[in-house]
Amino acid sequence: MFAVQIDRHGGPELLTVRDVAPPTPKLGEVLVRTVASTLNPVDWKTRVWDVGPAFPMTLGWDIAGIVIASRTPDFAIGDRVVAMSAQVATGLGTWAELVALPARLVSHAPVSVPLTEAAALPLAGVTAFQALARLNLAQGERLLVTGAVGAVGRTAVALAAHGGAVADGLVSREEHLQPARSLGLQHASASIADLKGESYDAIFDTAGVDVSHALASGGRYVSVADEPLPSIPGAQKSYVQENREHLAELVRLVDADVLRPHIAHYFSVHQVRAAHELFEKGGLTGKVGLCF
Ligand SMILES: NC(=O)c1ccc[n+]([C@@H]2O[C@H](COP(=O)([O-])OP(=O)(O)OC[C@H]3O[C@@H](n4cnc5c(N)ncnc54)[C@H](OP(=O)(O)O)[C@@H]3O)[C@@H](O)[C@H]2O)c1
């Protein structure tokens, strides 16, 4: 079988599609034939930065695919599944034809969308779900989401609106205002200077920008970005944790038409270098998918 691997850290040219030995599922695991994955910022960061498991390293966190062997009662051959493998911590890269995954990482896939779309859900979805939970939003509260058309941002907007909050969004550029409005934001802005001071009950930062002036006194602030937090009392970072119950809840919300995974560009896995190049340029309004 083939896998996308790197042998050292660096540019997209280091991404190599090569033959590797297929994995054998252990007790409690499923063997998944990968149908699709998507690119997340952690994938290029792991490629470039000095992080991740030993070389040769198979990259990839998201997976949507079909179970072809099962050593757990939770899944049967033929099941359509999604998972977030947490590659950096577990060493389980999903950019491979076959991936053995412990059942604790795996959820049944949504039935209402193809696996090629469901692949956009795991990492970005669980990140948004867990960070938003920290904000504990009440019905009618005002939320600002930065990076609102990004993968985590758009999921946060949909989840917050579903919970009854009123979400506004900050985007990186004027061309993203229209796509942002189509997410159901009450107001979208492309400039930090346009944000009214002390006007939000909560802020969810996915873009690593300091928008603390827009937070009302006593408001809550959560960030998933790498940048340091602004100095506001109680501001917190959220780091995604593998959790199949959270993933299953996101799947349920996709099937309930609350969430719609959005992939704007598809590449064959054999074009993974081009996929990385496009993704790293930024400016996209949907995810980059890899088809196997
Ligand atoms: N802590 C965790 O556990 C965790 C988990 C997942 C992701 N993350 C991190 O969360 C961040 C977002 O992830 P993602 O998957 O949503 O990435 P993404 O899809 O690339 O979205 C990021 C969005 O932020 C926008 N942006 C960048 N600078 C901005 C600015 N100054 N003002 C407004 N918007 C701006 C980007 O626009 P342009 O493309 O136009 O620049 C893009 O739309 C990444 O840094 C990622 O590494 C952390």
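A few comments on the model shown:
- The condition (being open to solvent by less than 10 Å² (accessible area, probe 1.4 Å), modelled with pLDDT of 95 or more, in contact with a Gly (Cβ under 7 Å, 6 or more places away or on another chain) and assigned to a strand (DSSP E or B)) is satisfied by just one residue among V99, V81: V81.
- Any hit, the range 132-144, residues being assigned to a helix (DSSP H, G or I), outside the structural domain of R181 (by TED's automatic domain parsing), under 29 Å from Y221 (Cα atoms) and at pLDDT 95 or above: no
- The requirement of being of a type in the set (S, T, N, Q) and touching a helix residue (DSSP H, G or I) at 6+ places or on another chain (Cβ under 9 Å) is fulfilled somewhere in the range 196-210, by at least one residue.
- Residues that are assigned to a loop (DSSP other than H, G, I, E, B) and either within 11 Å of the ligand (Cβ to nearest atom) or touching a residue at least 24 places away in the same chain (Cβ under 8 Å) (or both) within the range 108-131 comprise A109, P110, V111, S112, V113, A119, A120, L121, listed in sequence order.
- Entry remark, the range 262-292: residues being within 13 Å of the ligand (Cβ to nearest atom), within 17 Å of R47 (Cα to Cα) and not in a strand (DSSP E or B) number 6 in total.
- Looking across the range 32-67, just one residue is in a strand (DSSP E or B) and farther than 21 Å from L121 by Cβ, and that is M57.
- Restricting the range 54-69 to residues that are of a type in the set (V, I, T) and more than 16 Å from the ligand (Cβ to nearest atom) leaves a set whose member that is most open to solvent (accessible area, probe 1.4 Å) is I68.
- Enumeration of residues in the range 102-125 that are of a type in the set (A, V, I, L, M), surrounded by fewer than 24 Cβ atoms within 10 Å (Cβ to Cβ) and more than 14 Å from V32 (Cα to Cα): V111, V113
- Qualifying residue in the range 230-241 (condition: within 18 Å of the chain's Cα centre (by Cα), away from the ligand (no atom under 11 Å from the Cβ), closer than 19 Å to T38 by Cα and not β-branched (V, I, T)): no
- Meets criteria (polar (S, T, N, Q), in a strand (DSSP E or B), more than 16 Å from A133 (Cα to Cα) and open to solvent by 60 Å² or more (accessible area, probe 1.4 Å)) for S231: no
- Within the range 249-285, the set of residues being open to solvent by 60 Å² or more (accessible area, probe 1.4 Å), of a type outside the set (K, R) and more than 18 Å from V157 (Cβ to Cβ) comprises D255, H265, Y266, H270, Q271, E277, E280.
- Residues (within 16 Å of the ligand (Cβ to nearest atom) and open to solvent by less than 50 Å² (accessible area, probe 1.4 Å)) located in the range 13-53: S37, T38, L39, N40, V42, D43, K45, T46, R47, G52
- Where V258 falls short, out of the listed (1) within 16 Å of the ligand (Cβ to nearest atom); (2) within 22 Å of V106 (Cβ to Cβ); (3) part of a loop (DSSP other than H, G, I, E, B): (1)
- The single condition among (1) farther than 24 Å from G286 by Cβ; (2) open to solvent by 50 Å² or more (accessible area, probe 1.4 Å); (3) not aromatic (F, W, Y) that G91 does not meet is (2).
- Take the conditions (1) touching a strand residue (DSSP E or B) at 6+ places or on another chain (Cβ under 6 Å); (2) farther than 21 Å from M1 by Cβ; (3) not aromatic (F, W, Y); D50 misses just one of them, which is (1).
The values are calculated or read from the model by the stated rules, or taken from the named source; none is laboratory data. Remember, predicted model here, so these are calculated numbers, not experimental data. We place every Cβ from the backbone using ideal geometry, glycine too, and count neighbours over all the protein chains shown. Ligands, DNA and RNA are excluded from the accessible area calculation, which covers all protein heavy atoms including side chains. Shrake-Rupley method; radii C 1.70, N 1.55, O 1.52, S 1.80 Å.
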